[in-house]
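Here the structure comes first, spelled out in structure tokens, and everything after it is commentary.
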Amino acid sequence: MQLHGEAKRVLGIVFDSDLGNGVDAALALALLYRLQGKGEARLISSSTTWSNLSSAAFADVLARFYAGPPPTGASAHFQRPLPPIGMAGDGNVDGDTAVLKAVIEKKTADGMPVYPCGIHKLNDTAEPAALIRNSLTAQFDANCVVVLAGPATNLVQVMDLPGVPGLIKRKVKLLVMAAGAYPDGPVDFRVKAGVAAAKRLLAEWPTPIVAVGTEVGDALPFPGSTIENGFDWAPDHPIVDAYRAFQPMPYDAAAPSMAAVLYAVRPDGYFKLSPPGTIAVLDDGRTRFTPAADGRHRYLVIDPAQKEKVIRTYTDLVSG
């Protein structure tokens with residue numbers, strides 16, 4: 001919780017994703033933890049749109065990994081408790097991906113889990129809508145950005161809670177969503193997975209929205225060479241294991257969610273923005289942008305002069 005009188009109001013980030021359905025959301029979360037370590041932002045809520053304990057467990061693994069080992073001795077009581085992980089639905093474990101299995105099921109030579117995890121049953125997770133609402137309540141006004149890196153289902157449920165649209169309008173200055181293709185383009189699976197929710201989110205969300213399309217992620221991928229050469233300092237790293245499990249190496253991973261996190265925390269010096277307008281979701285899951293002077297939506301545009309800087313920022317931070 002932020003305290004009144006703090007010298008610096010660190011930006012609060014709500015991160016909601018389909019973690020484990022690919023590696024983009026995991027890379028984005030790693031980037032966010034590294035920016036948090038630099039004091040530029042603070043993750044105030046982490047939730048998954050999957051009804052899957054392994055997805056929530058992966059989020060918990062990353063939280064523990066980037067928090068570092070717990071302190072010992074006299075300083076042990078100063079450790080900040082790890083935040084709860086929100087998980088949608090009923091907690092079924094069906095549909096584990098190779099990414100999730102590579103991290104959650106990895107064992108040491110003596111059969112113990114390589115990565116500590118505190119999520120083993122449904123009661124170890126939080127209800128996403130309530131978690132996000134409670135996290136926003138503790139923030140300064142206009143000092144939070146919501147980053148969506150998955151279907152919009154959790155955020156729509158947040159809007160349905162009594163009094164929360166007004167809370168969002170006070171606390172959140174921007175929603176950055178990694179979804180769609182702009183100004184129009186092919187179907188994005190994250191939109192297709194929840195077309196009705198995406199339509200409602202874009203129509204009813206009470207703050208400005210910046211969309212990060214698949215075209216940005218494709219043109220600014222996370223380089224696989226960094227996975228091969230940039231993590232030598234860690235004998236085991238969950239991002240490396242997830243990346244290697246997602247596709248046969250070598251490959252560069254499309255990273256729209258990384259662009260969303262980078263823009264959310266560092267809005268200047270990396271990207272350009274479209275003119276204002278309105279984003280519509282078509283029934284087949286495609287998105288379409290229509291310019292409008294009074295529109296509350298924009299989409300992220302690649303600045304050719306900054307492409308190398310963006311990718312270098314990704315690799316320097318995530319592999320650091």
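Each reported figure results from applying straightforward, stated rules to the coordinates on display, with no laboratory input. Note that the structure is a prediction, hence the values are computed from the model and not measured. All Cβ positions, glycine included, derive from the backbone under ideal geometry; neighbour counts span all protein chains shown.
Going by average Cβ density within 10 Å per residue, which order do the peptides 101-111, 42-52, 259-269 take, highest to lowest? Each step should come with its number before you reach the end.
Details: 101-111: 13.4, 42-52: 24.5, 259-269: 20.8.
By packing density, highest mean first, the sequence is 42-52, 259-269, 101-111.
Output the peptides 139-150, 157-168, 234-245, 271-282 sorted from most to least packed, where packing is the average of other Cβ atoms within 10 Å over each peptide's residues. Write down the numbers at each step before the final one.
Values: 139-150: 22.1, 157-168: 15.8, 234-245: 18.9, 271-282: 17.3.
Averaged packing, sorted descending, gives the order 139-150, 234-245, 271-282, 157-168.
With N denoting the number of residues in the chain, provide Rg(C-alpha) divided by 2.2 N^0.38 Å, to two decimal places.
Numbers: Rg = 18.8 Å, N = 320, 2.2 N^0.38 = 19.7 Å.
Against the compact-globule rule of thumb, the ratio is 0.95.
Which value, in debye to the nearest 20, gives the size of the charge dipole of the chain about its Cα centre, when Lys and Arg are +1 and Asp and Glu are -1 at the Cβ? Before the final figure, lay out each step's value.
Details: 30 positive and 32 negative charges, 193 e Å.
Computed charge dipole of the chain: roughly 920 debye.
Defining a contact as two alpha carbons under 8 Å apart and six or more residues distant in sequence, what relative contact order in percent does the stretch 83-225 show? Please list the in-between numbers first.
Values: 169 pairs, mean separation 30.4, N = 143.
Computed value for the stretch 83-225: 21 percent relative contact order.
Would you give the gap between the C-alpha center of the stretch 15-38 and the C-alpha center of the stretch 204-224, rounded to a whole Å?
14
For the chain, what does the relative contact order come out to in percent, with C-alpha contacts under 8 Å and a separation of six or more? Provide the component values of the computation, followed by the final result.
Numbers: 651 pairs, mean separation 65.0, N = 320.
The value is 20 percent.
Rounded to the nearest Å, what's the spacing between the alpha carbon centres of the stretch 278-320 and the stretch 156-171? Just the number, please.
One Cα centre to the other: 25 Å.
Collect residues whose amide H, placed 1.01 Å from N in the peptide plane, falls under 5 Å from the amide H of Ala126; neighbours closer than 5 in sequence don't count.
For Ala126, the qualifying residues are Ile85, Gly86, Met87.
If you plug each phi of the stretch 149-162 into the Karplus form 6.51 cos²θ - 1.76 cosθ + 1.60 with θ = phi - 60°, what whole-Hz ³J(HN,Hα) values come out, in order, with x for Gly and Pro?
Once rounded to whole Hz, the list reads 10, x, x, 8, 4, 5, 5, 5, 5, 4, 4, 7, 6, x.
So what is the calculated 222 nm ellipticity per residue for the chain, using -39500 (n - 2.57) for each DSSP H run with n of 4 or more, over all residues, to the nearest 500 deg cm²/dmol? The partial results should precede the final answer.
Details: 13 runs with 118 residues, N = 320.
The per-residue figure over the chain is -10500 deg cm²/dmol.
At 7 Å along Cα-to-Cβ for each site, give me the label-to-label distance between Leu82 and Ala138 in nm.
1.6
Which order do the peptides 122-128, 307-313, 172-178 take when ranked by the mean count of other beta-carbon atoms within 10 Å per residue, highest first? Walk me through the numbers on the way to the answer.
On the way: 122-128: 17.6, 307-313: 15.3, 172-178: 23.6.
Averaged packing, sorted descending, gives the order 172-178, 122-128, 307-313.
Under a plain spin-label model, where a point goes 7 Å from the Cα along Cα-to-Cβ, how far apart in nm are Arg9 and Glu308?
Taking the simple label geometry, Arg9 and Glu308 are separated by 3.8 nm.
What translational D, rounded to a whole number of µm²/s, comes out for the stretch 207-320 from Stokes-Einstein when the hydrodynamic radius is the Kirkwood one over Cα pairs, at 20 °C and 1.002 mPa s? Before the final figure, lay out each step's value.
Working: Rh = 15.6 Å.
Rounded, D is 137 µm²/s.
Can you tell me the length gained on complete extension of the stretch Val301 to Val114, counting 0.36 nm per residue apart and subtracting the Cα distance? Don't skip to the answer; put the middle values down first.
Values: separation 187, 0.36 × 187 = 67.32 nm, distance 3.96 nm.
Working it through step by step, the gained length comes to 63.4 nm.
Of Leu317, Pro162, Ala193, whose Cα points farthest to the positive end of the dipole of the chain (charges on the beta-carbon: +1 Lys, Arg; -1 Asp, Glu; origin at the Cα centre)?
Pro162
Where in the stretch 278-320 does the amide nitrogen come within less than 12 Å of the point 7 Å from the Cα of Ser225, taken along Cα to Cβ?
312
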